[in-house]
1. Out of everything in the range 312-321 that is more than 10 Å from the ligand (Cβ to nearest atom) and farther than 13 Å from ALA295 by Cα, what residue ends up being surrounded by the most Cβ atoms within 10 Å (Cβ to Cβ)?
2. Looking at the range 134-146, which of the residues that are away from the ligand (no atom under 11 Å from the Cβ) and over 17 Å from the mean Cα position of the chain (by Cα) is nearest to VAL399 (Cα to Cα)?
3. Determine if the range 409-420 includes at least one residue that is modelled with pLDDT of 95 or more, outside the structural domain of ALA339 (by TED's automatic domain parsing), surrounded by fewer than 18 Cβ atoms within 10 Å (Cβ to Cβ) and under 20 Å from PHE116 (Cβ atoms).
4. Taking the range 528-553 as the region of interest, how many residues are closer than 17 Å to PRO391 by Cα, part of a loop (DSSP other than H, G, I, E, B) and hydrophobic (A, V, I, L, M, F, W, C)?
5. Mind counting the residues in the range 47-82 that are under 26 Å from MET535 (Cβ atoms) and not in a helix (DSSP H, G or I)?
6. If we scan the range 54-75, do we find a residue that is within 23 Å of VAL388 (Cα to Cα), in contact with a helix residue (DSSP H, G or I) (Cβ under 8 Å, 6 or more places away or on another chain), small (Gly, Ala, Ser) and in the same structural domain as ALA411 (by TED's automatic domain parsing)?
7. For LEU134, state whether it is touching a strand residue (DSSP E or B) at 6+ places or on another chain (Cβ under 9 Å) and either within 21 Å of PHE418 (Cα to Cα) or part of a helix (DSSP H, G or I) (or both).
8. With a cut-off of at least 2 residues that are more than 23 Å from LYS160 (Cα to Cα), name the helices (runs of 4 or more DSSP H) lying wholly within the range 239-319.
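The values are calculated or read from the model by the stated rules, or taken from the named source; none is laboratory data. Keep in mind the model is a prediction, meaning the values are calculated, not measured. Cβ placement follows ideal geometry from the backbone for every residue including glycine, while neighbour counts extend to all protein chains displayed.
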Amino acid sequence: RNASAMLSEATDVWNGYVEKAQPYMPSSTRMAVIGLVNLPIFILLLNALWQFIRPKDRSLPPVVFHWIPFIGSAIAYGNDPINFLFRCREKYGDVFTFILFGRRMTVALGPKGNNFVLGGKVAQVSAEEAYSPLTTPVFGKDVVYDVPNEVLMEQKKFVKFGLSIDNFREYVGMIVNEVETFMNTDPAFKIYQFDDINEWGSFHAMKTMAEITILTASRTLQGREVRENLDKSFADLYTDLDGGFKPVNMLFPNMPSEANRKRDKAQKAMSDFYVDIIRKRATGNHEHDHDMIAALMQQRYKNSRELTEREVAHIMIALLMAGQHTSSATTSWAFLRLADNPDVTEALYREQVEHFGTGEEGKFQPLTYESLKTLPILDAVIRETLRVHPPIHSIIRKVVSDLPVPPTLSAPSKDETFVVPKGHFILSSPAVSHVDPRTWKDPLVWDPSRWNDAEGVAQQASKAYSDEHGEKVDYGFGAVSKGTESPYQPFGAGRHRCIGEQFAYLQIGTILATVVRKVELRLESGFPKNNYHTMITLPKDPCDIRYRRRHFD
Ligand code: HEM
């Protein structure tokens, strides 16, 4: 209704201008101007009318009504995808198609919809055809979505080798050390309490967590050389590369923009930076820790070929980009939620005291990889944050051969099925599943305690999704839980499931615990809204968090 009201207002304004100008124009010019002015309106009306009168192809899912051809539902979806998808579901059911800049996106919702998209066969759906225009210019050639699916599966196996438990054991102490140093030296944490003066400081959730995330990821996975260069050239390269990692690039990857020019330059420089590290290390007399570059340099493809220097370099860039925004957004949302719920922060703090307290206030035993797994409140805080704020709201595949929709998911009538034609895209939304009132009680309420109920939806969903309990499949990178039908899938599911999940839990958990040991938190202003205009769902400004050092710190 809003769109049509705006449209009619705009028409009135235009017609007013035209009327005023009419007496001064010769009649043929007048006719031409009227025609030209009204042409867009005519096209919109024709497009609207066509959607009602066009003979329906019963094998295609219903198409969401839209005023503007080509642009379609891009504005509604882009501004608030979750609200848009819920509204469409009310009108069209679990399967429907919407237009996004000329592309036909068929959405499949609910657990069966998730299974349809994420469990799709390689012969029918392709992630690389959907994502490559965005990712290849950023990651570089010959990796991830620039290679056939079976090669990606091998590359995921190589990365998993680097994400070993032995490495994780070393990483916890390194992350604690980075966070503590940051809190002791960064201006964001310059406020201390003195005697009776209760001083509160404040930090910007997103900016601070982005810094802490890159510091901790580079100290651990990325390796010493990256960490040492973070304050120098590497940070600028990262900024430029990131500037070209935007949703718009998925639709229009090669626009001749300044951002894309900087992206291409930074990609080359960053690739060279990693190649330089690899060459130095290959000489055998260069010190390094157990990081991902070291792990990748030992790997071989099934045909016994070693990875090229560029492949290692580009996998490293892919991991940097895949892990940075997802982890820093999750950590930011977790801190914002904790600041909004001081009782949960206190419970989290008490959990630290109970498990690691030494009896002397402010002195704790060190965190370890094993002990992180025994902290139910910390675990619930992360899970609940990923439920309400999954960083990736839409998962997309391109249909590469006509794809029938199972009748159990949606069927036009008893004897018919929908078929999504080759060339369309299919989309599943973990963010919709995670707050679906058909599944979750009080879905929009952030309540970590829902994860305590062993029989509750949360635990059941999580069991079906976890590697320990769920049905296992090996897609080529080790057995993982299938999880495609779970209503909780912050890390995706199926063959494209995230390989960074364990690392993310470790990184986020260690950061949360280390910060909460030192400070109390409060929200500076109201709880921030979602910004959906970025690759990852981020908090909108203002998103400042007030902190007060615990009095012993
Ligand atoms: C894929 C989420 C952290 C590496 C994915 C996917 C999701 C996801 C939803 C599936 C995308 C799809 O199916 O199209 C997350 C979240 C994270 C996180 C929520 C943190 C909270 C990480 C980290 C790394 C990583 C730390 C690297 C160390 C990857 C890679 C893929 C992937 C390489 C591509 C897999 C493929 O297409 O087969 N992630 N991720 N992620 N993630 Fe993560």
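1. Step by step, filter the range 312-321, then rank; the result is HIS314.
2. The extreme case among them is ASP146.
3. yes
4. 3
5. Final tally of qualifying residues: 8.
6. No, every residue in the range 54-75 fails to be within 23 Å of VAL388 (Cα to Cα), in contact with a helix residue (DSSP H, G or I) (Cβ under 8 Å, 6 or more places away or on another chain), small (Gly, Ala, Ser) and in the same structural domain as ALA411 (by TED's automatic domain parsing).
7. Numbers: touching a strand residue (DSSP E or B) at 6+ places or on another chain (Cβ under 9 Å): no; either within 21 Å of PHE418 (Cα to Cα) or part of a helix (DSSP H, G or I) (or both): yes.
No; evaluated as a whole, the condition is false for this residue.
8. Numbers: elements: 247-251, 258-282, 292-297.
The qualifying helices (runs of 4 or more DSSP H) are 247-251, 258-282.
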